[in-house]
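Here's the structure we're looking at; comments come further down.
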Amino acid sequence: MNTSDAIAPAVESILDSAREREGGDERLSIEARSFPEAVAATEREDRVPVISEVKPTSPTTEGVREDDPVELAREMVAGGATALSVLTEPEHFGGSTETLERVREVVDVPVLRKDFILREDQFDVVEADLILLIARFVDDLEELVAAATDRGFQPLVEVHTAEELEEAIDAGADIVGINNRDLGKLEVDLATFERVAAKAPEDVLLIAESGISSGEDVRRMREAGADALLIGTAIMDGDVRENTREFTTT
């Protein structure tokens, strides 16, 4: 875990909760829906691959979205989402593993479990197609990438710097999310993706995360090499079907 830089108090609180959260009792074995294939299918339709995020709330947004997350997920898929991201962190994001289970049962697109996972046993609480690992916060990234892959998950390794990108590649990651939000300061800068993506190997599938709120942002991230975009707040704020459609057809 890279703790050389200060971490925002809100993130420290999330990590404290994550450390205390129990893992599963039995090792899972997943038959995952292929995210790379879903991205390729979307691009063949001349649309932008978007991961729409079911996010009731977060420390960086105001208010709570109280709609049934399953209905939100259905609307996002109807709007053209390539995949869905479902928060399972309960204390700070209003998520749950039960929500992910319910969503994955009713959609046919890949579903990402978005959480702060720190230990291998925390994989074994719910089935998902992709699973998030944040390079900055885990002690042995290579070990966790291997453990996730062995279970059938597709690990999405999130990075914020070129150094973390190199660590992710060395750990065996082939799906990498570049987070425009600095989790140390909670500041967003779209230039982060441009800077870090320039260092990525061509065979890595790149996802731009955070701060994407307009068609102009979508075009900017795509021009910088984003294979897909993870969009939460800008889709959750309003009609999720129409918002998803607008981003995928930009």
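No value in this document is a laboratory result; all are computed from the given coordinates. In this text the structure is predicted, and so the values were computed from the model without any measurement. Backbone-built Cβ (ideal geometry, glycine too); neighbour counts: all protein chains shown.
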| task | Name the most mobile residue of Ser85, Ser210, Ser17, meaning the one with the largest mean-square fluctuation, in a Gaussian network model of the chain with Cα contacts below 10 Å. | result | Ser17
| said: Going by Cα centres, region 189-207 and region 146-173 are how many Å apart? | reply: 14 Å
| request: Provide the net charge surrounding Ala41, with neighbours chosen by a C-beta distance below 12 Å and charges set as Lys +1, Arg +1, Asp -1, Glu -1. | output: -2
| Cβ charges +1 (Lys, Arg) and -1 (Asp, Glu), total dipole of the chain, debye | 620 debye
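Express the relative contact order of region 35-248 as a whole percentage, based on alpha carbon pairs under 8 Å and six or more residues apart in sequence. Intermediate results must be reported in sequence, preceding the final value.
On the way: 430 pairs, mean separation 46.0, N = 214.
Contact order relative to length: 22 percent.
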| Residues Asp189 and Arg44, FRET efficiency given R0 of 35 Å [Cβ-Cβ distance, rounded to 0.05] | 0.65
| field | Candidates Pro49, Pro155, Pro36: whichever shows maximal mean-square fluctuation once the chain is modelled as a Gaussian network with Cα springs under 10 Å | value | Pro36
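Neighbour counts of other C-beta atoms within 10 Å: give me Glu127, Glu53, Glu66, Glu120 arranged from fewest to most.
Numbers: Glu127 21, Glu53 25, Glu66 9, Glu120 18.
Taking fewest neighbouring Cβ atoms as first place, the list is Glu66, Glu120, Glu127, Glu53.
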| Virtual spin-label span in nm between Glu37 and Glu202, 7 Å along Cα→Cβ | 2.5 nm
| task | Set Lys and Arg Cβ to +1 and Asp and Glu Cβ to -1, take the dipole of region 35-248 about its Cα centre, and tell me which of His92, Val70, Leu112 lies farthest positive. | result | Val70
| task | Taking a cut-off of 18 Å between Cα atoms, list the lysines near Lys114, but don't count ones fewer than 8 places away on the same chain. | result | Lys55
